[in-house]
């Protein structure tokens, strides 16, 4: 009797040791994935921090892009993102409303879902080819903010659709039924009950899309963004510089750039993107804490 | 307060009348439906346009055997241009393969840790970190390969060039891992708790539960995560453009420079005249990339949906 | 008083409802007269809720649900109404699970009048107070009309749901086991209101409390296993005159 208990405890101890070991292994894997990135980010800050200043953000590049600031690229990225959002947000929200509120469960809906998955999965350079073939050449928009933003909008459309659909579906079905019972049309139900309770979730998705759009490089390379432009864009038919492409250019295409300049550009770009994502995450957490039903 | 009820017997006039709200509702239905089919229109449009630009060349000039079988890629040679993408495919395959060797164990390990072991704040923070990692733009990753990894590899391994399969593979692995982690975590979370409870009730320890019950139950979802990672690595452009060294070459080791299919398009499209042979062959590569990623995504979707149904 | 001569508000002919081939009710024939309180009793899964959903055409939102036969509202087949929303706005329904919409208590009740086009604040105020009072909720919420309806207690949400149905000023009011989440005293208050409302509308009262049907209903139907077993004057049904032995067994509490 005693012996048996002893054996059981021993087995238990052995199991516990293995358990600890396995857990340690997983912690190690997780840290090995995350630590290098933190080190890399720290390196960016150390090497690029010295060049950061208000002037850096708000002056033009000078002396063959080896000196000066990044203002035209920063402004160009804002143009590209803004125009892309104007196109993709209404379209994406409409698509999400259709999929969440109207679409029957049939082959056609599955086809739409498949299209969305593939839109997100097609390589960015293929989107670039499409943008060039369709908007620049076929529709004759030329290399312009319009062509580039259309390409970006189509590429990031799945981000808006998926996050909006999730936000809509988080609103319980019983609310819709209660509203339909009163004689509200589908649209009245969506406008009065579903959308007001999904709007913060939709906003979270849009912030995420801003971050995705701002970082893309390949889709704008041949459709609207240029290495260098002496002029600031005046409208959507102009070409523009952009942050992401500017990083590529100063780190690979221009000779004689001082080391801290590309680091500074990378730091600003990554700062923009991570800030957007952090806002989106914080927003989401704040929402989760607020109970409405 | 009542609607008039004197018309209740026999016929009710209201039954035949549609009001403004009814028409607004119909109009909205049409508008959102257009939004829904726009996704289909775009994906078909993408295929049609890249085919339109690349098809003529594919039919008239291109020798498919040379295209897929030759390692010589010299499309800008004026006298005897060569259009072999074998070396480019080898470049893409080697970089993606190495990236997966790195990303699969780490992303699955992290996903298992997040889903099965981590609790409370640790778990929250890990998830946030993974999400932030996924947000870093690919051009920044390329820049990291170029400026941080490059000298590091030269120094550590005492090799002349640091822009190699190794460099791009590590970068791509780090890029793909966060996405694979979150999809894998979803797959693990989808395993019902009763599986875990049943195994625990039989006296299994935590890791036994994970290895013998949870992982087998989630294997389709995990496979889906891996496939999406492959698709992502395959289609990545800026990072491989900047970190591979951009040399047309069938690699003999991880210390060789290579060139990827995507990077080739990105690097050369700007120099070609619209409609030229070179321009068209780049679109032909685009068709190839489109079809491959389409297949990968379709398969991943079917596999992942398979688990949701059962 | 409802008499044989009262006009028919709702007529059901050979109604059958099924979900993906699974029959929920079949062969239901009955007519309900204007200003009548029509009771429906029967055990769980008798098909009562499916019957109600067929009346205001909720099958439109459930592709799995098939309806056969005819439902005539004011003499017109509900499936032939060109504006189904107008039909639903004239039928108030209270389902057993209370749903307070995630908007203020005030907006919960003002929503339906607003959808009908009433914009005047003063007019809305009157409707909101009247409906909440009738649903025996006004005293509890009059000082916090801006709380979210979805955060009220279960019993309060149930009464809010009733107030919302009343705010439609319906011609036909359908109550499906409304007293499940409500305490007995409040139930009695609402029952008294229903007796008053009779002069203004037709009421279908589905209940699992046979005595509630006895207290309120002019006529009562007994549903069992997807069919309508018997329809009779309520008093007759409860005084051992039910023609079907199953009805007698049920009202005397031998099963259910």
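Before moving on, here are some points about what is shown:
- Between B:296, B:250, the distinction of being more than 27 Å from residue B:48 (Cβ to Cβ) and at pLDDT 90 or above belongs to B:250 only.
- Hey, residue A:227 over 22 Å from the mean Cα position of the chain (by Cα), within 11 Å of another protein chain (Cβ to nearest Cβ) and farther than 30 Å from residue C:90 by Cα or not: yes
- Single residue of B:281, B:214 found to be closer than 27 Å to residue B:108 by Cβ and not in a loop (DSSP other than H, G, I, E, B): B:214
- Test for residue B:152: is it facing chain A (nearest Cβ under 9 Å) and either under 21 Å from the mean Cα position of the chain (by Cα) or part of a helix (DSSP H, G or I) (or both): no
- For segment B:218-244, a residue qualifies if it is surrounded by fewer than 20 Cβ atoms within 10 Å (Cβ to Cβ) and either within 14 Å of chain A (Cβ to nearest Cβ) or part of a loop (DSSP other than H, G, I, E, B) (or both), but none of them does.
- Residue within segment C:177-194 that is within 21 Å of residue C:37 (Cβ to Cβ), buried (at least 19 other Cβ atoms within 10 Å of the Cβ) and modelled with pLDDT of 95 or more present: no
- The single condition from (1) touching a residue at least 40 places away in the same chain (Cβ under 8 Å); (2) under 20 Å from residue B:270 (Cα atoms); (3) out of contact with any helix residue (DSSP H, G or I) (no Cβ under 6 Å at 6 or more places or on another chain) that residue A:138 fails is (1).
- Residue list for segment A:258-279, restricted to those being at the interface with chain B (Cβ under 9 Å from one of its Cβ atoms) and part of a helix (DSSP H, G or I): A:262, A:263, A:265, A:266, A:269, A:270, A:273, A:274, A:276, A:277, A:278
- Of the residues making up segment C:224-245, just one is modelled with pLDDT of 90 or more and assigned to a helix (DSSP H, G or I), namely C:234.
- For the criterion of being part of a loop (DSSP other than H, G, I, E, B) and more than 8 Å from chain B (Cβ to nearest Cβ), residue A:55 fails.
- Test: residue B:88 is surrounded by fewer than 23 Cβ atoms within 10 Å (Cβ to Cβ) and assigned to a helix (DSSP H, G or I): no
- Given (1) over 22 Å from the mean Cα position of the chain (by Cα); (2) closer than 29 Å to residue B:231 by Cβ, index of the condition residue B:199 fails: (2)
- Scanning segment A:241-257 turns up one or more residues that are in a loop (DSSP other than H, G, I, E, B) and either within 14 Å of chain C (Cβ to nearest Cβ) or in contact with a strand residue (DSSP E or B) (Cβ under 7 Å, 6 or more places away or on another chain) (or both).
- Tally of residues being more than 7 Å from every other protein chain (Cβ to nearest Cβ) and buried (at least 19 other Cβ atoms within 10 Å of the Cβ) across segment B:108-126: 6
- As for segment A:143-163, it holds no residue that is within 10 Å of chain C (Cβ to nearest Cβ), in a helix (DSSP H, G or I) and either in contact with a helix residue (DSSP H, G or I) (Cβ under 8 Å, 6 or more places away or on another chain) or buried (at least 22 other Cβ atoms within 10 Å of the Cβ) (or both).
- The numbered conditions (1) crowded, with 17+ Cβ neighbours inside 10 Å; (2) touching a strand residue (DSSP E or B) at 6+ places or on another chain (Cβ under 8 Å); (3) part of a loop (DSSP other than H, G, I, E, B) are all true for residue C:221 except (3).
- Residue C:54 meets each of the listed conditions (1) free of Cβ contacts under 8 Å to residues at least 24 places away in the same chain; (2) touching a strand residue (DSSP E or B) at 6+ places or on another chain (Cβ under 6 Å); (3) assigned to a helix (DSSP H, G or I) apart from (1).
- Residue match in segment C:68-75 (condition: touching a strand residue (DSSP E or B) at 6+ places or on another chain (Cβ under 8 Å), within 27 Å of residue C:148 (Cα to Cα) and facing another protein chain (nearest Cβ under 7 Å)): no
- Residue within segment C:35-50 that is within 14 Å of chain B (Cβ to nearest Cβ) and either in a strand (DSSP E or B) or within 19 Å of the chain's Cα centre (by Cα) (or both) present: yes
- Subset of segment A:99-115 (residues that are in contact (Cβ under 8 Å) with a residue 12 or more places away in the chain and either surrounded by 24 or more Cβ atoms within 10 Å (Cβ to Cβ) or more than 7 Å from every other protein chain (Cβ to nearest Cβ) (or both)): A:100, A:101, A:113
- Residue match in segment B:127-140 (condition: more than 7 Å from chain A (Cβ to nearest Cβ), closer than 20 Å to residue A:27 by Cβ and in contact with a helix residue (DSSP H, G or I) (Cβ under 9 Å, 6 or more places away or on another chain)): yes
- Tally, over segment B:248-276, of residues that are touching a strand residue (DSSP E or B) at 6+ places or on another chain (Cβ under 9 Å) and closer than 22 Å to residue B:156 by Cα: 4
- Taken together, B:42, B:47, B:57 contain a single residue that is within 14 Å of chain A (Cβ to nearest Cβ), within 29 Å of residue A:137 (Cα to Cα) and at pLDDT below 90, which is B:57.
- Selection within segment C:12-25 - modelled with pLDDT of 90 or more and either out of contact with any strand residue (DSSP E or B) (no Cβ under 8 Å at 6 or more places or on another chain) or crowded, with 17+ Cβ neighbours inside 10 Å (or both): C:12, C:15, C:16, C:17, C:18, C:22, C:24, C:25
- Residues in segment C:76-92 that are within 10 Å of chain A (Cβ to nearest Cβ) and without any contact (Cβ under 8 Å) to a residue 40 or more places away in the chain: C:83, C:84, C:85, C:86, C:87, C:88.
- Checking each residue of segment B:65-77 against the condition of being assigned to a helix (DSSP H, G or I), within 14 Å of another protein chain (Cβ to nearest Cβ) and modelled with pLDDT of 90 or more gives no match.
The values are calculated or read from the model by the stated rules, or taken from the named source; none is laboratory data. Only a predicted model underlies this, so the values are computations on that prediction, with no experimental measurement involved. In this analysis, Cβ positions are derived from the backbone assuming ideal geometry, glycine residues included, and neighbour counts consider all displayed protein chains.
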